[in-house]
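Here, each number is a calculation from the coordinates, and none is a lab measurement. All values derive from a computational prediction rather than experimental measurement. Neighbour counts run over all protein chains shown; Cβ positions are idealised from the backbone, glycine included.
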Amino acid sequence: RIAPLLLFLVLFFLSTVTTNASGNVKRFPNKSVKAFLKQVAKIDTLLVSARSPKCGIICTTVDQALDHVARESKIHVGTVEINDVLLSHYQNTFKLAGFPEGPQDNVPLFLIFKLGYPEPYAGPADFQQMITFLRDLGGEVYTSARNMVNMEQKHKVVEDMWHTSVIIHNTNFNNMFLMRAGHVMKKDGVVLYFSKTPKVVRTLGLKKDGDFLINHPLQKRVHGSISDFKTFRQFINFVRSHMNTSLRPVTGKNAVSIFRAYEKVFVAFVDNANDDVPFLSKLNVIAAEKKAPNVVFVYTEVQKMQPYLIQIGVSTEHTPILLKLETKSSTRAVFDNQKYDIHNADQLKLWIEDQLLDEPTHQMNAVNSQAEPQDNESRALKVVTNKNWGRMVSSEGRTAFVVFTRPDCIHCLNLQGALEQLAEAYANDDSVLVGKFDSSVNDLPHGVSVQGYPTIQIHKNCGNDKTKTVQFPHNGERTFEGLKEFLEKNQCEHGAHDEL
């Protein structure tokens, strides 16, 4: 398949290229792998013609053509004679190209190197088309060697809230298909990664070569296989169809265009280290409901915007922060984290709905909420309040066992011992929360109702389902064993939500 291609190239350039190579094509050393790599590792994108020492007139003609490619595409181009040392080092690459024995006499092979990492060239055969192809590639190609994912990198890749990532089981087919897809999708904010680490691919559910995972913390993961797509365009369209998040990340490149295109811009300032993804997931749902031509919801890193927030008097001590900007009037409004619970989807939605009005009231019904104890996170039995309800109870994948009490309730006092014992039993299980809600100092959260005290309820959010409420039966045993049995029967099953 290579020989007919080269014959076509020779015939084409014998008629179009008559001048000798003028030095645009570099000849690389082949005495050692180290000497070769020292040269090619410095170059971002490099097209190399690898040939046998006995390559004759065809290579002379190809060099003339390569000189034309180098001049027109501005891509670095070079040649290297393959000896036993280089053949041994790059044997897998030649095998991918279909020539495990390396270049044959009068049959040079093309390779593309990215900072020293090789891939077989699989672009157009016609040199004029090759020029366009290489010019488009520029320095934007993402190859398997530059984006390998090991166990140390895996958590960062899959939790990266700023990009949609496509993680692909390391493949034995021609990666130019993926290089072209990666170049196009980079403009969409998509980054391709590859992994052949057994633990990584097993954890991510990638069972065989070519399996891939489309990942974004705000969306459900999607699995597929490269073999299902005949062209890289089909693959790109499939990835794009699963990027329907209503939140857009703001970067230095797209900020100006966003602020020019919309009248109302809701900006969420988040910190990945503080696990603000659950908040963004709630905001993403609201953004989809409130979608309008002149409204956009975006998010960005609080660290990048800290000087601006301090300048307008917004504390950056705690995230997330939600700000609404009116681009025409340059007015702004900030969600009050002191008064309201930004993790509570209902309060978040009420504030956004108010800010979408032509004349916002800047009023939300004030709620009673007791102060949360400073050591609440370290307690086995949590204090649940109106304000921390969204953060503590409604988190995705969590089962919350909540007892609604009042100080004047005798039966509530009798239940205290069994409740504390239950809390201690689940103290090390992050997927289960055991807490008390004092109705005398807290307004009930939206959608929650109780009948008498104590009221015992389980609120569970298993994966993508909405929070479901299960009422403790009236004739249930209010002992440690009875409470534990009720919790075990109704908690989210392990693995019901995605775990890394």
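Placing a pseudo-label 7 Å from each Cα along the Cα-to-Cβ vector at Asp429 and Ser227 gives an inter-label distance of 4.1 nm. The length gained on full extension between Leu444 and Ala261, counted as 0.36 nm times the residue separation minus their Cα-Cα distance, comes to 61.9 nm.
Karplus-based coupling profile of region 296-309, in residue order and whole Hz: 9, 10, 9, 9, 8, 6, 5, 4, 5, 10, 4, x, 5, 5, with θ = phi - 60° in 6.51 cos²θ - 1.76 cosθ + 1.60 and x standing for Gly or Pro. By the rule of a C-alpha distance below 16 Å, with chain neighbours fewer than 8 residues away ignored, the aspartates and glutamates paired with Lys196 are Glu152, Asp209, Asp211.
Between Lys26 and Val77, Gly78, Thr79, the built amide H atoms are under 5 Å apart, and every one of these is 5 or more places off in sequence or on another chain. Rounded to the nearest 20, the size of the Cβ-charge dipole of region 220-338 about its Cα centre is 660 debye, with Lys and Arg at +1 and Asp and Glu at -1. A cut-off under 13 angstrom between Cβ atoms defines the neighbours of Cys59, and their net charge, with Lys, Arg +1 and Asp, Glu -1, is -1. Once both labels are positioned 7 Å from their Cα atoms along Cα-to-Cβ, the gap between Leu413 and Ser329 label points is 5.5 nm. The slack between Ile57 and Glu420, meaning 0.36 nm per residue of separation minus the straight C-alpha distance, is 122.0 nm. Each residue, Asn294 and Tyr117, gets one label point 7 Å from its Cα in the Cβ direction; the gap between the two is 4.7 nm. On the beta carbon distance between Gln471 and Arg248, with R0 = 56 Å, the FRET formula returns roughly 0.90. For a modelled paramagnetic label at Lys196, 7 Å from Cα along Cα-to-Cβ, the residues of region 62-95 in reach, with backbone nitrogen under 16 Å, are 88-95.
For the pair His318 and Thr479, the difference between a 0.36 nm per residue extended length and the Cα-Cα distance amounts to 54.0 nm.
In terms of distances greater than 20 angstrom between alpha carbons, the cross-link table entries Lys220/Lys382; Lys282/Lys304; Lys282/Lys324; Lys387/Lys484 yield Lys220/Lys382; Lys282/Lys304; Lys387/Lys484.
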